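K.L.:
Sharing a structure here in structure tokens format.
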Amino acid sequence: MSKEQAETWEAQTETWAGFDANDFQRQVIAEFRANNGKMSGMFEGWTLAVLTTVGAKSGLRRESILGYLEFDGKGIVVASSNGADKHPGWYHNIRKNPIVTVETGTDTYQAIAAIPPAQERDKLFDRVITEAPGYADHQAKTTRKIPVVVLHRIGPKPGEERVKGMGDWIVEVHDWLREELETLRAQADQVIEGGADTIERTRPDLAQQMRTHCLNFCGALKKHHGGEDMAMFPMLAKQFPALAPALAQLVEEHKVVARLQDDIQRLVDSFVPGETDPVRLRADLERLANQLESHFRYEEETIVTALNATAPAPNFG
């Protein structure tokens with residue numbers, strides 16, 4: 001949006017007094033769609049997009065036509081509202097429901113809308129006003145810091161290969177932990193099914209194997225949850241306010257899992273075939289498995305999409 005376009009937009013909004021602004025916007029959207037994003041009249045030459053959000057209060061689909069930029073392959077929209085002192089409705093919508101649909105005229109895609117932290121927002125806004133100086137005029141009209149929103153495409157662009165994301169990697173970590181816990185449960189089953197005397201005669205190292213396996217599993221789980229609590233979850237909460245309640249719940253679940261995990265570690269460390277009750281050990285392992293599976297499923301349902309859209313999987317060489 002150039003300075004001249006910003007002035008044109010402002011002049012047009014002043015003529016809306018006494019008219020249905022929503023009806024005007026619907027007409028603009030209809031022209032946009034009918035002409036694959038190419039506009040005539042006052043909007044000729046503008047780069048626009050239709051952003052479809054879910055109403056924060058109504059839960060209904062809401063369409064807004066906005067100025068559209070693209071930086072480093074990501075869509076950018078600005079919640080300027082022509083310099084008004086209140087954020088536009090679509091911005092409140094994405095704070096509660098960040099999954100949106102973006103229509104550029106030549107491409108329609110689903111995205112997750114991220115709100116960059118303050119320092120990143122400032123850098124993005126500098127880039128915005130370099131390409132679209134009219135937004136600087138909007139900012140000058142209000143004390144409200146105008147938000148810049150990054151639209152992270154969900155899935156690959158047409159014709160491009162899907163890139164493995166951070167969310168995919170998290171699922172792989174979960175699957176590995178599931179397998180490790182299943183192995184530990186199977187070892188406890190061997191004790192129960194074979195009987196303590198048989199185990200002592202044929203597999204005298206089983207108790208040590210269980211202790212080693214449990215140590216590796218518990219250590220990996222603690223490291224995984226620690227990394228999420230310290231880095232991943234705070235990053236997601238800043239960019240996606242709608243995820244904050246779910247992330248807080250996941251952090252509390254980590255505490256519950258850690259306590260149960262410590263109990264099982266103590267049981268395994270003190271396990272002696274022929275003396276310790278293997279049925280109790282197996283029951284505690286089952287409780288941990290059920291707790292973890294519920295936790296993993298909830299985490300995968302709530303944050304994998306955001307992680308895949310915003311960060312690639314780590315490369316450990």
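The values are calculated or read from the model by the stated rules, or taken from the named source; none is laboratory data. Keep in mind that this is a model prediction, so the values were computed, not measured. Please note: Cβ atoms are built from the backbone with ideal geometry, for glycine as well, and neighbour counts cover all protein chains shown. Remember, those area values only see protein heavy atoms, side chains included, never the ligands or the DNA or RNA. Shrake-Rupley method; radii C 1.70, N 1.55, O 1.52, S 1.80 Å.
K.L.:
Working with all protein chains in place, sort Asp137, Asp277, Asp284 by solvent-accessible area computed with a 1.4 Å probe, largest first.
P.N.:
Values: Asp137 55, Asp277 85, Asp284 15 Å².
If we order Asp137, Asp277, Asp284 from most to least accessible, we get Asp277, Asp137, Asp284.
K.L.:
What's the angle, to the nearest 10 degrees (0 to 90), between helix 166-194's Cα axis and the longest principal axis of the chain?
P.N.:
In the chain, helix 166-194 runs at an angle near 20 degrees to the longest axis.
K.L.:
Can you give the three extents of the C-alpha atoms in the chain along their principal axes, from longest to shortest, in whole Å?
P.N.:
91, 41, 37
K.L.:
Less than 14 Å Cβ to Cβ from Leu267, Lys/Arg counted +1 and Asp/Glu -1: what total charge do the surrounding residues give? Before the final figure, lay out the partial values.
P.N.:
On the way: positive: Arg185, Arg211, Arg259, Arg266, Arg280, Arg282, Arg287; negative: Asp262, Asp263, Asp269, Glu275, Asp277, Asp284, Glu286.
Summing Lys and Arg as +1 and Asp and Glu as -1 gives 0.
K.L.:
Applying the Karplus parametrisation 6.51 cos²θ - 1.76 cosθ + 1.60 with θ = phi - 60° to the phi angles of the stretch 146-154, what ³J(HN,Hα) value in whole Hz is obtained for each residue in order, glycine and proline being reported as x?
P.N.:
Each residue's phi maps through the Karplus curve to give 5, x, 10, 10, 9, 9, 8, 4, 8 Hz.
K.L.:
With the calculation restricted to Cα positions, what are the radius of gyration and Dmax of the stretch 240-317 in angstrom?
P.N.:
17.1, 53
K.L.:
Amide H to amide H, which residues 5 or more places from Phe71 or on other chains are under 5 Å from it, using H placed in the peptide plane?
P.N.:
Amide H to amide H, under 5 Å and 5 or more residues apart or across chains, Phe71 pairs with Ile76.
K.L.:
Considering only protein heavy atoms and a probe of 1.4 Å, how much of the accessible area of the chain is carbon and sulfur, as a whole percent? It would help to have the intermediate numbers written out before the result.
P.N.:
Working: 8470 of 16490 Å².
For the chain, the apolar C and S fraction of the accessible surface comes to 51 percent.
K.L.:
Could you work out the relative contact order of the chain? I mean the mean sequence separation of Cα pairs under 8 Å and 6+ apart, divided by the number of residues, in percent. If you can, show how the numbers build up before the last one.
P.N.:
On the way: 390 pairs, mean separation 61.0, N = 317.
In percent, rounded to a whole number, it is 19.
K.L.:
Under a 1.4 angstrom probe, counting protein chains only, how are Ser81, Ser64, Ser270 ranked by accessible area, largest first?
P.N.:
Details: Ser81 45, Ser64 15, Ser270 70 Å².
Accessible-area ranking of Ser81, Ser64, Ser270, largest first: Ser270, Ser81, Ser64.
K.L.:
Let me ask something else. Taking the Cα atoms of the stretch 264-309, report the difference between the largest and smallest coordinate on each principal axis, in whole Å and largest first.
P.N.:
So the extents along the principal axes, rounded to whole Å, are 52, 15, 11.
K.L.:
Could you derive backbone 3J(HN,Hα) for the stretch 231-242 from the dihedral phi with the Karplus parameters 6.51, -1.76 and 1.60 (θ = phi - 60°), listing whole Hz in sequence and x where the residue is Gly or Pro?
P.N.:
Residue by residue, the stretch 231-242 yields 10, 5, 5, x, 5, 5, 4, 5, 7, 10, x, 5 Hz.
K.L.:
For the stretch 36-100 and the stretch 240-288, write down the distance between their C-alpha centroids in whole Å.
P.N.:
45 Å
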